[in-house]
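Here's the structure, in structure tokens; my notes come after.
Read-outs throughout are calculated quantities, based only on the coordinates presented, and are distinct from any laboratory measurement. Note that the coordinates shown come from a computational prediction; the quantities given were computed from them, not determined experimentally. Please note: Cβ atoms are built from the backbone with ideal geometry, for glycine as well, and neighbour counts cover all protein chains shown.
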Amino acid sequence: MSALARLRLSSGAAAMRLLGLPGAARRRFGWLPTVVTWHGVHDGSVPPEHYRFSTKHVSVDMFRRQLEWLARHYQVATLSDVETAMTGRGGTKPLAAVTFDDGYENNLTVAWPVLKALGLPATFFITVNVVEQQRPYDHDRIELALRHTPRSSVRLQAGNQRLDLRLDGIHARSRAVYAVKAWLSRLPGEQAAEVRRQLDDQCWDASFLESNRIAYRPLTWGQVRTLADEGGEIGSHTLSHPHLSQVDDDQVARELCESRTVLASKSGQRVSRLSYPHGSFDDRTIRAAKAAGYTSAYATTMWFRGTAPDPFAFPRTSVSGGAPFGLFVVTVSRALRLIGRGGGEGARAAD
Ligand SMILES: [Zn+2]
């Protein structure tokens, strides 16, 4: 995030807080539990330029401040309580829940001690293959490779298309990451896989992962078990983190069924909740999730589809690393919805 973008967000959020919009929004929309999604929490050791490459991790100081604010204004509950409350609840504060997507090691090593100290429950949605193979996500691998390779330029080829990247300086490297991700999203699967191989061949070094462990390293199965044994809830984020609305029926069934079985066996818990990777789902995905035995599933939209609450399209608010605290207050309170923005079906948070 650029300094200018940060200033704009910060001023916008501060103005909304001055006008009292977050409190008004909590009173107006408090009947709907607020489920908040983090991806990771770092220990404060990542340099500011990290946010040019990834906004998936907040600092531990920011995380503690966010949780303390959440606990002051909401009753922080389990997802089970949140789902039960959808059919009527008591209490004086609106309900909120804490969730994590993707299964980074820092969920246990940095975030979990803070949650435990504050006595707050949390659910961790884990991607099976990332833990099993101890291999970073493809998008994380692209960030690490282009940020740290000693090369000053890279040439990637897909069919007769070519992408030439200059890597002189942190700004150019950050731009290169976004350019590659955008290009890959437009390429057919086979060509995208070929481009990833080229990038790996030219730029990848396993030491990049170790020296950036706090923001990229996945949990191990032993660590997943520790989270479960110490009271964290384990949910499924599928086997391979695909866009579920874009893969065939067989893969959807496999991603949902096998991940549930593996996670139950590794965690020792019954796994009954799902979080859709990239927030990607449709009616077919929901049918498959029900058939696989899930009781609810979590999206990245900020509001329900249509008017009736649907436990298989539960909205969540995503937290961005590097963003000002005021923005957390405004988004979690759904203050944007109060002024007619950011609450529609199409409003998606980053995953
Ligand atoms: Zn994810």
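What is the projected area of the convex hull of the Cα atoms of the stretch 261-332, averaged over all directions, in nm²? Display every interim value, and only then the final one.
Working: hull surface 25.7 nm².
Mean orientational projected area (the stretch 261-332, Cα hull): 6.4 nm².
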Near-label residues of the stretch 27-61 by backbone N, under 12 Å of a point 7 Å along Cα→Cβ of ILE339: none
ASP200-ARG270 pseudo-label distance in nm [points 7 Å out on the Cα-to-Cβ vector]: 3.9 nm
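Could you pull out the chymotrypsin sites (Phe, Trp or Tyr not before Pro) across the stretch 28-85 that fall in loop regions by DSSP (anything but H, G, I, E, B) with no more than 14 other Cβ atoms inside 10 Å?
Details: sites: PHE29, TRP31, TRP38, TYR51, PHE53, PHE63, TRP69, TYR74; in loops: TRP31, PHE53, TYR74.
Answer by residue number: TRP31.
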Residue-averaged [θ]222 nm for the chain, counting only DSSP H segments that reach four residues, each worth -39500 (n - 2.57): -13500 deg cm²/dmol
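Of HIS57, HIS237, how do they rank once you tally other Cβ atoms within 10 Å and put the fewest first?
Working: HIS57 28, HIS237 25.
Result, fewest neighbours first: HIS237, HIS57.
For the chain, give the magnitude of the charge dipole about the Cα centre (Cβ charges: +1 Lys/Arg, -1 Asp/Glu; no others), in debye to the nearest 20. Please report the intermediate quantities before stating the final value.
Details: 44 positive and 34 negative charges, 270 e Å.
Charge dipole, the chain, about its Cα centre: 1300 debye, nearest 20.
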Cα-based Rg / Dmax (Å) for the stretch 70-133: 13.9, 45
Whole-Å distance, taken between Cα centres, linking the stretch 44-83 and the stretch 93-108: 8 Å
Mean separation of Cα contacts under 8 Å, 6 or more apart, over the residue count of the chain: relative contact order %: 22 percent
Rounded if a/c under 1.5, otherwise prolate or oblate - the stretch 1-61, Cα gyration tensor axes: oblate
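Checking the a/c ratio against 1.5 first, then a/b against b/c, what shape does the Cα gyration tensor give for the stretch 184-267? Walk me through the intermediate numbers first.
On the way: a/c = 3.17, a/b = 1.22, b/c = 2.60.
Taking the square roots of the gyration eigenvalues as a ≥ b ≥ c, the stretch 184-267 is oblate.
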15 Å Cα-Cα reach of LYS266 towards aspartates and glutamates, excluding residues that sit fewer than 8 places from it in its own chain: GLU132, ASP229, GLU230, GLU233, GLU258
Inter-site label distance for GLN134 and GLU190 at 7 Å from Cα along Cβ, in nm: 3.4 nm
Highest-fluctuation residue, PRO309, PRO48, PRO33 considered, GNM on the chain with Cα pairs under 10 Å: PRO48
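In what order do ILE339, ILE234, ILE126 fall by count of nearby beta-carbon atoms within 10 Å, going from fewest to most? List each step's numbers first, then the result.
Details: ILE339 12, ILE234 22, ILE126 29.
Arranged by neighbour count, lowest to highest, ILE339, ILE234, ILE126 become ILE339, ILE234, ILE126.
Between ASP249 and SER207, what length comes free when the chain is fully extended (0.36 nm per residue of separation minus the Cα-Cα distance, one decimal in nm)? Spell out each step's value before the answer.
Values: separation 42, 0.36 × 42 = 15.12 nm, distance 3.78 nm.
Answer, rounded to one decimal: 11.3 nm.
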Most mobile of GLY30, GLY222, GLY103 in a GNM of the chain (Cα contacts under 10 Å): GLY222
Principal semi-axes in Å for the chain [√(5λ), Cα gyration tensor, largest first]: 32, 25, 20
In nm, spacing of pseudo-spin labels at ARG162 and ALA182 (7 Å Cα→C-beta vector): 2.0 nm
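Multiply the residue gap between ASP61 and ARG284 by 0.36 nm, knock off their C-alpha separation, and tell me the result in nm, one decimal place. Spell out each step's value before the answer.
Details: separation 223, 0.36 × 223 = 80.28 nm, distance 4.07 nm.
Difference between extended and current length: 76.2 nm.
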Gyration tensor verdict on the stretch 138-211 (Cα atoms; rounded if a/c is under 1.5, prolate if a/b is larger than b/c, oblate otherwise): prolate
